[in-house]
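The values are calculated or read from the model by the stated rules, or taken from the named source; none is laboratory data. All values derive from a computational prediction rather than experimental measurement. Quick reminder, even Gly has a Cβ in these numbers, built from the backbone with ideal geometry, and neighbours come from all protein chains shown. Side chains are part of the model used for accessible areas, which takes the heavy atoms of the whole protein and leaves out ligands, DNA and RNA. Shrake-Rupley method; radii C 1.70, N 1.55, O 1.52, S 1.80 Å.
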Amino acid sequence: PALIWLRCSTSAAAALPSSTSGCGGGLPWEQLCSDRGVCRSGHCECEGARAGPTCNEPAPPLNESCPRLPHRAGVPLRADDVRPDEIGIVMAIGDSMTAGYNLEPPFLKEHMGWAFSSGGEPDAFSLATLLRSYNPLLVGAAMGMRTPETRVGKIGTLCGPEEYHVCGLNAAVNGARAGWLHAQADWLEERLGALRPQWEDDWKLVTIWTGFGDIAFGPKNFTDNQNQTSPVPTKVAVVERELDALLARLHARFPRLLVNIVALPEETDFNATIAGVCKVTKFAGWLLGIHFTDMQLWPARVAEYNRMLAQLVRRWQQRACSPKSCSMQVALRFTLAKASLTTAELDPMDCFHPNRRMSEALALGIWNEMLEGPPRGSKDPWALHWTRPAACVEEWHRFTAPDPIEAGPWAPALKTAELVV
């Protein structure tokens, strides 16, 4: 039982009710609670994203477990007045992490239909399915899986017409760097026109998770220079410039927009990426010309990226949302910022991408942050809270966008930073 508790954090405020069937009475090596809960007193207490007697089912839709929420009259005119159930379009921008690569078997696939931000499969637990609980007409959810086209030395490809039905409005590209995200924004604008002719009138949510491509592979696309066998992570200033330009593009061309930017995990054990089978996977990639940067540089660069994101988001909160006008609201989500990630949360093939367990926990954490901000009264509000259930939308809820410096874990170091607005 002690080992199981290591797999499921007990730092959350509450757990879902235990199941009604027994657990823990089998063989010592028996998988308990589907590895998605804790066996206590013969009953499974499931993680917040899971349900069922053995935690092998997604948590029920919020429209089944939450009180009925009356609709408000009219459409909100300001981004800081939008209730999450009033979001009509869900979108995603990022790299393979956002595309759901290696989320579960079969591997070497992008499991977009189960990805944390826009997965729309019936058994998925994602931001899209949580939003769809309140708005069954939600546009943009992804369905199913696809094989990414990743060619060494070439920029990854955006989803083509033959796979539009898979991608929905998930524009993520395997291996993407921050500088590639502008093309993803263009792709979203084009697809929106086809899927929703009056899309400008709807409130839209886009979730952006980027940074690992620049940290792990550097600014070049794998082997643009075939002799570049020791790339270095992209400079923080370069990533900041690209993301600033991306937000400017979104602000100018996507009216009525809510933006989640996901902070990177600073407590990840990056040595896990070269353990066991994953070491073989990395070696095979090296033979194909996929060269990683020095992993010893990753922890410091992740921390630097996060501090840059906090400053960038604060600037855009002040630029895009003023007392006179607020057509875009930007929020930095801290769900992973101080999460301690191990092989239990990563795919078993390359020990680099989130597995389904982590993907669901990420969706759950961001959803609760969207409604309530970082968990109040928590000993560690900036980590994954595995057992905390998804919050119900209340009449007073609005899309939260707390000051990322005041609310985040880097406040002492950043409060004195000079911020240019």
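Give me the percent of accessible area attributable to carbon and sulfur for the chain, probe 1.4 angstrom.
After summing per-atom areas, the C and S share lands at 56 percent.
Charge dipole of region 114-201 (Cα centre as origin; +1 on each Lys and Arg Cβ, -1 on each Asp and Glu Cβ, all else neutral): 280 debye, rounded to the nearest 20. Per residue, the chain exposes 42 Å² of accessible surface when a 1.4 Å probe is rolled over the protein heavy atoms with every protein chain present.
The longest stretch of the chain left intact once loop-based chymotrypsin sites (Phe, Trp or Tyr not before Pro) with at most 15 other Cβ atoms within 10 Å are removed from consideration, loops following DSSP, is 108-395.
Using 0.36 nm per residue and subtracting the Cα-Cα separation, the extra length available between residue 232 and residue 78 on full extension is 51.3 nm. Report which label in (i) 9; (ii) 22; (iii) 5 holds the value of percent of Cα pairs over 42 Å apart derived from the coordinates of this structure. It is the value labelled (i). Extension gain, residue 157 to residue 108, is 16.1 nm, computed as 0.36 nm per intervening residue step minus the present C-alpha separation.
Summing charges over neighbours of residue 122, with a neighbour being any other residue whose Cβ is under 12 Å away from its Cβ, gives -2 when K and R count +1 and D and E count -1.
Can you give me the orientation-averaged projected area of the convex hull built on the Cα atoms of region 27-171, in nm²? One quarter of the hull surface, i.e. the mean projection, equals 12.6 nm². Using equal-weight Cα scatterers in the Debye expression, the normalised intensity of region 95-147 in log10 at q = 0.17, 0.25, 0.27 Å⁻¹ is -0.44, -0.84, -0.94. Basic side chains Lys and Arg get +1 at the Cβ, acidic Asp and Glu get -1 at the Cβ, and with that the dipole of the chain about its Cα centre reaches some 560 debye.
Net charge around residue 145, counting only other residues with Cβ within less than 11 Å of its Cβ (Lys, Arg = +1; Asp, Glu = -1)? Working shown, then result.
Working: positive: 109, 146; negative: 104, 110, 121, 163.
For residues surrounding residue 145, the net value is -2.
The residues packed around residue 58, meaning those with a beta-carbon under 14 Å from its beta-carbon, carry a net charge of -2 if Lys and Arg are +1 and Asp and Glu are -1. Taking the DSSP bridge list for the chain and keeping only pairs wholly inside it, about 30 percent are antiparallel.
Counted residue by residue at 0.36 nm each, then reduced by the alpha carbon distance between them, the extension gain from residue 164 to residue 147 reaches 4.8 nm.
Calculated [222 nm] ellipticity per residue, helices only, for the chain: -8500 deg cm²/dmol; basis is -39500 (n - 2.57) per DSSP H run with n ≥ 4, divided by all residues, nearest 500.
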